[in-house]
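Q: Below: one structure in structure tokens.
The values are calculated or read from the model by the stated rules, or taken from the named source; none is laboratory data. All values reported here derive from a predicted model rather than from experimental measurement. We work out accessible area using only protein heavy atoms, side chains counted, and drop any ligands, DNA or RNA first. Shrake-Rupley method; radii C 1.70, N 1.55, O 1.52, S 1.80 Å.
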Amino acid sequence: MATIENPAGVPLEEQLQTYLVYKAPFQLPEGAKEWLVKYSPWIALVIGILLLPAVLAVIGLGSIVGTNAVASGYNVGILYWLSMIVLIVQIAILFIAFPQLRARKIGGWKLLYLGVALNLLYDVVSWISHPLYAGGLISGLIGAIVGLYFLFQIKSKYKA
């Protein structure tokens, strides 16, 4: 699997590990880490279950609005559909990660890591399609940083 590297040649995952674990201003207590590892599969499953009907409703409404918009000469755009595809993939990742997270496998952790990256991608795509709404991008960046912090704090609890 290819890794994303910065200009100095350090893989992104190692760089995040350095800043979010080793150089972090505070560490999560062991009890909190154990709690997160124990309940993260169930949290991922519940989030996936809650997001699925919402995304399907948005896709349905987008289809109705998009069809009527095209009839009146307005195009919804490829970025809307791309953002919906990213969300569907993210939900699928949450469901696929569930059994691996329960078994405390590093593959489940990597799927959650990919999910955070996809969520950030979704926020960027949404911001590109609506550049005047920077609040979504800012909240997405903050959410990604917080999510990555918790994710990297518990990474050591998963085995290869």
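Q: Checking the condition open to solvent by 70 Å² or more (accessible area, probe 1.4 Å) and at pLDDT 90 or above, which residue from 112, 101, 141, 148 passes? Give the steps one after another, and end with the answer.
A: On the way: 112 fails: open to solvent by 70 Å² or more (accessible area, probe 1.4 Å); 101 fails: open to solvent by 70 Å² or more (accessible area, probe 1.4 Å); 148 fails: open to solvent by 70 Å² or more (accessible area, probe 1.4 Å).
Checking each option against the conditions leaves just 141.
Q: For residues in region 25-66 being of a type in the set (Val, Ile, Thr) and open to solvent by less than 60 Å² (accessible area, probe 1.4 Å), which is nearest to residue 105 (Cα to Cα)? Break it down into steps so the answer makes sense when it comes.
A: Looking only at region 25-66, we keep the residues that are of a type in the set (Val, Ile, Thr), and these are 37, 43, 46-47, 49, 55, 58-59, 64-65.
From what is left, the residues that are open to solvent by less than 60 Å² (accessible area, probe 1.4 Å) are 37, 55, 59.
On the way: 37: 11, 55: 28, 59: 33 Å.
Top of the filtered list is 37.
Q: Can you name the condition, by its number, that residue 71 falls short on among (1) under 23 Å from the mean Cα position of the chain (by Cα); (2) open to solvent by 80 Å² or more (accessible area, probe 1.4 Å); (3) at pLDDT below 90?
A: If we test residue 71 against (1) under 23 Å from the mean Cα position of the chain (by Cα); (2) open to solvent by 80 Å² or more (accessible area, probe 1.4 Å); (3) at pLDDT below 90, just (1) comes out false.
Q: Moving on to the next point. How many of the residues making up region 115-128 are more than 10 Å from the chain's Cα centre (by Cα) and open to solvent by 40 Å² or more (accessible area, probe 1.4 Å)? It would help to see each step written out before you state the result.
A: Start the filter on region 115-128 by keeping residues that are more than 10 Å from the chain's Cα centre (by Cα), which leaves 124-128.
Now restrict to residues that are open to solvent by 40 Å² or more (accessible area, probe 1.4 Å): 124, 127-128.
Residues flagged as more than 10 Å from the chain's Cα centre (by Cα) and open to solvent by 40 Å² or more (accessible area, probe 1.4 Å) within region 115-128 amount to 3.
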